[in-house]
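The next block holds one structure in the form of structure tokens; read it before the comments.
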Amino acid sequence: MPAITENMTINEVIKLHPGTMKVFSKHKVDSCCGGAQSIATASAVAGADVRQVVEELNNVAESKK
């Protein structure tokens, strides 16, 4: 089961896995002011593919275990 889902907030993900900030930056997803939003909402606002973002976030999270 993936550790990170599109319904999690950006702040929640960064708190659990600080290395994920680079994924949000890469996809231009606002991880500062938009941190209280879900990954799905923030990705949509940024015009990013939420499935791709979540996949990359999980890859980063898994690589740190």
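Among residues of segment 44-65 that are in contact (Cβ under 8 Å) with a residue 40 or more places away in the chain, those with a beta-carbon under 6 Å from a residue that is outside any helix (DSSP H, G or I) and among the charged types (D, E, K, R) at least six positions away or on a different chain give the pairs Val50/Glu6; Val54/Glu6. Residue count for segment 1-13 under the criterion of being farther than 10 Å from Leu57 by Cβ and modelled with pLDDT of 95 or more: the result is 4.
The requirement of being modelled with pLDDT under 95 and buried (at least 18 other Cβ atoms within 10 Å of the Cβ) is not satisfied by Ser43.
Given the structure, is Ser25 at negative phi, surrounded by fewer than 18 Cβ atoms within 10 Å (Cβ to Cβ) and of a type in the set (Gly, Ala, Ser)?
Details: at negative phi: yes; surrounded by fewer than 18 Cβ atoms within 10 Å (Cβ to Cβ): yes; of a type in the set (Gly, Ala, Ser): yes.
For Ser25, the condition - at negative phi, surrounded by fewer than 18 Cβ atoms within 10 Å (Cβ to Cβ) and of a type in the set (Gly, Ala, Ser) - is met.
Among the residues of segment 40-55, those that are of a type outside the set (A, V, I, L, M, F, W, C) and not in a helix (DSSP H, G or I) comprise Gly47, Asp49. Residues of segment 4-39 that are out of contact with any His (no Cβ under 9 Å at 6 or more places or on another chain), among the hydrophobic types (A, V, I, L, M, F, W, C) and touching a residue at least 40 places away in the same chain (Cβ under 8 Å): Val13, Leu16.
What about Thr20, is it in contact with a Gly (Cβ under 9 Å, 6 or more places away or on another chain) and either buried (at least 16 other Cβ atoms within 10 Å of the Cβ) or not aliphatic (A, V, I, L, M) (or both)? It would help to see each step written out before you state the result.
On the way: in contact with a Gly (Cβ under 9 Å, 6 or more places away or on another chain): no; either buried (at least 16 other Cβ atoms within 10 Å of the Cβ) or not aliphatic (A, V, I, L, M) (or both): yes.
Taking the combined requirement at face value, the residue does not satisfy it.
The values are calculated or read from the model by the stated rules, or taken from the named source; none is laboratory data. Remember, predicted model here, so these are calculated numbers, not experimental data. For neighbour counting, all protein chains shown are included, and Cβ atoms are generated from backbone atoms with ideal geometry for every residue, glycine included.
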